[in-house]
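Presented below is the structure to which this report refers.
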Ligand SMILES: [Zn+2]
């Protein structure tokens, strides 16, 4: 089974799209406002089901343009956001607030029931009873899509391009044949996003651009934030600057997502080439969130997107019929010598063992030991072969912003820096 989201341009007139998402926001706001009102007056934290009933009741005299289940989705939005806040607070981040801002627009969601039919490359989306259905022409690469496979359709305003796009969530229901007979270990790292080995050969997936993008993003955001403090809150310049910040962040997110997909794809294609049927990944969820480290390391850890790459590896593996075990403890995997089994904390990218004198690539040591722990419940049973490098994103010979180093810090090179990062 594989679930994928396809995105394509939306050609609805913008006022039609605006109206739909404004209506979704109106319902979302109503649920949120009622929730806080009841909490303020009576100290009662309304449950999701009750809030929905209450909203249905209050709203029964306001005719909505949306399909009944699109209304449900808008109502559920507030409690979904609360859930996220709960989860983040549970992880110890007390600064996360529960949603309280009213929205002007909100993504409209059609559940499977809201998709009326798909025929001849046209998808019909239901609105409220009595209203004409929306007709969405599918792009040619989605010609095969049918109603049963369509799990959800979303009308999303893309902040970066300032246009509406459709997101179609598809479950093709295909169970892929199990693939491969070997096991490989994967180490997700910060300098090199992924290293993989089956004990005989190794591959390090390198991506300087990903790090460069993160550094550039932090720098630029710091500078925008500094400018923001100079303007009066809510003034026109302040609002413009804030919009620019949002747009910039969305652009960065898109670039990052693209790179992460390519990295995960590289790992899976290596696994396929080496007939790997199971990938063991280190469990990094318990890694320090960066607290207590230096400021620089803290930023690195905070931006480290191992969560996303891990997710992408999992679903690309599932598509290829490769199993994934991501519960292997990472403890000491990067510190144990694959040759003599003694522990040593490596400095830099090369693991030089002080006990036996042998040298290995640090990330491959991690991957080999994860593999060893998965198969034998102990470390050091697999060698760490000399890796081959793969660069799924970096353009050869192109200077990334990270390489411009000192130069980039002076103002006149700002433009070059931006060009290099592709903005
Ligand atoms: Zn050793």
Check your understanding: Just wondering, is there one or more residues in region 27-43 that are touching a strand residue (DSSP E or B) at 6+ places or on another chain (Cβ under 9 Å), touching a residue at least 24 places away in the same chain (Cβ under 8 Å) and assigned by TED's automatic domain parsing to the domain that holds residue 115?
Key -> yes
Point to revise | Tally, over region 29-40, of residues that are closer than 18 Å to residue 86 by Cβ and touching a helix residue (DSSP H, G or I) at 6+ places or on another chain (Cβ under 8 Å) | key: 3
Check your understanding: Do we find that residue 219 is outside the structural domain of residue 365 (by TED's automatic domain parsing) and at pLDDT 95 or above in this structure?
Key -> yes
Exercise for review: Test residue 43 against the stated conditions and say whether it is farther than 12 Å from residue 75 by Cβ, out of contact with any helix residue (DSSP H, G or I) (no Cβ under 6 Å at 6 or more places or on another chain) and exposed (fewer than 13 other Cβ atoms within 10 Å of the Cβ).
Suggested key: yes
Practice item. Run down 65, 5 and say which single residue is touching a strand residue (DSSP E or B) at 6+ places or on another chain (Cβ under 8 Å), at pLDDT below 95 and either surrounded by 15 or more Cβ atoms within 10 Å (Cβ to Cβ) or farther than 20 Å from residue 106 by Cα (or both). Key: 65
Check your understanding: So which residues in region 181-204 are surrounded by fewer than 19 Cβ atoms within 10 Å (Cβ to Cβ), out of contact with any helix residue (DSSP H, G or I) (no Cβ under 6 Å at 6 or more places or on another chain) and part of a loop (DSSP other than H, G, I, E, B), if there are any at all?
Key -> 181, 191, 200, 201
Exercise for review: Determine whether residue 105 is in contact with a strand residue (DSSP E or B) (Cβ under 9 Å, 6 or more places away or on another chain), part of a loop (DSSP other than H, G, I, E, B) and in contact (Cβ under 8 Å) with a residue 60 or more places away in the chain.
Suggested key: yes
Review point. For residues in region 337-360 being loosely packed, with under 12 Cβ neighbours inside 10 Å and farther than 19 Å from residue 386 by Cβ, which is nearest to the ligand (Cβ to nearest atom)?
Key: 354
Review point. Any residue at all in region 271-278 that is modelled with pLDDT under 90 and more than 16 Å from the ligand (Cβ to nearest atom)?
Key: no
Review point. Does residue 250 meet the test of being surrounded by fewer than 16 Cβ atoms within 10 Å (Cβ to Cβ) and in the same structural domain as residue 315 (by TED's automatic domain parsing)?
Key: yes
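Listed here are the residues, each with its yes/no results for (1) farther than 21 Å from residue 9 by Cα; (2) assigned by TED's automatic domain parsing to the domain that holds residue 12; (3) over 23 Å from the mean Cα position of the chain (by Cα).
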{"residue": "59", "(1), (2), (3)": "yes, yes, yes"}
{"residue": "75", "(1), (2), (3)": "yes, yes, yes"}
{"residue": "89", "(1), (2), (3)": "yes, yes, no"}
{"residue": "117", "(1), (2), (3)": "no, yes, yes"}
{"residue": "135", "(1), (2), (3)": "no, yes, yes"}
{"residue": "138", "(1), (2), (3)": "no, yes, yes"}
{"residue": "143", "(1), (2), (3)": "no, yes, yes"}
Study note, to complete from the structure: Residues of region 91-102 being closer than 23 Å to residue 158 by Cβ, in contact with a helix residue (DSSP H, G or I) (Cβ under 6 Å, 6 or more places away or on another chain) and surrounded by fewer than 18 Cβ atoms within 10 Å (Cβ to Cβ), in sequence order, are 102
**Study point:** Candidate set: region 108-140, residues that are touching a helix residue (DSSP H, G or I) at 6+ places or on another chain (Cβ under 7 Å) and in contact (Cβ under 8 Å) with a residue 40 or more places away in the chain; chosen: the one surrounded by the most Cβ atoms within 10 Å (Cβ to Cβ)
**Key:** 108
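What residue, of 205, 183, is under 21 Å from the mean Cα position of the chain (by Cα) and touching a residue at least 40 places away in the same chain (Cβ under 8 Å)?
205
Every residue, every condition in (1) part of a loop (DSSP other than H, G, I, E, B); (2) without any contact (Cβ under 8 Å) to a residue 40 or more places away in the chain, yes or no:
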position	(1), (2)
145	yes, yes
151	no, no
157	no, no
169	no, no
209	no, no
220	no, yes
225	no, yes
256	no, no
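The values are calculated or read from the model by the stated rules, or taken from the named source; none is laboratory data. The model shown is predicted, which means the values in this text are computed figures rather than measured ones. Please note: Cβ atoms are built from the backbone with ideal geometry, for glycine as well, and neighbour counts cover all protein chains shown.
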